[in-house]
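Below: the structure, in structure tokens.
Read-outs: derived from the displayed coordinates by stated rules, not from any lab. Quick caveat, the model's predicted, so the values are computed rather than measured. Cβ sites come from the backbone with ideal geometry, for glycine too, and all protein chains shown count toward neighbours.
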């Protein structure tokens, strides 16, 4: 979930400390996007503005990594 939580500029530092990541890193990025879309949709349905902002913020951070 580093793609949803960390800004793009911080990911390199995290991965240096964490170590090498294989192709599961791309799967993790997809999972973060999938989860964030559902969080945003759920928040929209509930009218939960703070949760919606978090879901959309996560999607922006994921897209910035592309």
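Below are the figures for this structure:
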| item | result |
| --- | --- |
| Euclidean distance between Cα centres, segment 24-48 to segment 1-22, Å | 18 |
| Among 33, 17, 43: highest mean-square fluctuation, GNM of the chain, C-alpha pairs under 10 Å | 17 |
| Pairwise FRET efficiency - residue 46 versus residue 6, Cβ, R0 = 30 Å, nearest 0.05 | 0.70 |
| CD proxy at 222 nm, helix term only [per DSSP H run n ≥ 4: -39500 (n - 2.57); per residue of the chain; nearest 500] | -26000 deg cm²/dmol |
| Gained length - residue 15 relative to residue 27, 0.36 nm times residue gap less alpha-carbon distance | 2.8 nm |
| Exposure proxy ranking, count of Cβ atoms within 10 Å, fewest first, for 3, 44 | 44, 3 |
| Calculated log₁₀ intensity ratio I(q)/I(0) where the Debye formula runs over C-alpha points of the chain, q = 0.11 Å⁻¹ | -0.27 |
| Which of 18, 42 has the fewest Cβ neighbours within 10 Å, and the rest in rising order | 18, 42 |
| Label-point separation in nm, residue 37 to residue 65, each point 7 Å along Cα→Cβ | 1.6 |
| Ranked 23, 49, criterion: other C-beta atoms within 10 Å, fewest first | 23, 49 |
| Highest-fluctuation residue, 19, 55, 47 considered, GNM on the chain with Cα pairs under 10 Å | 19 |
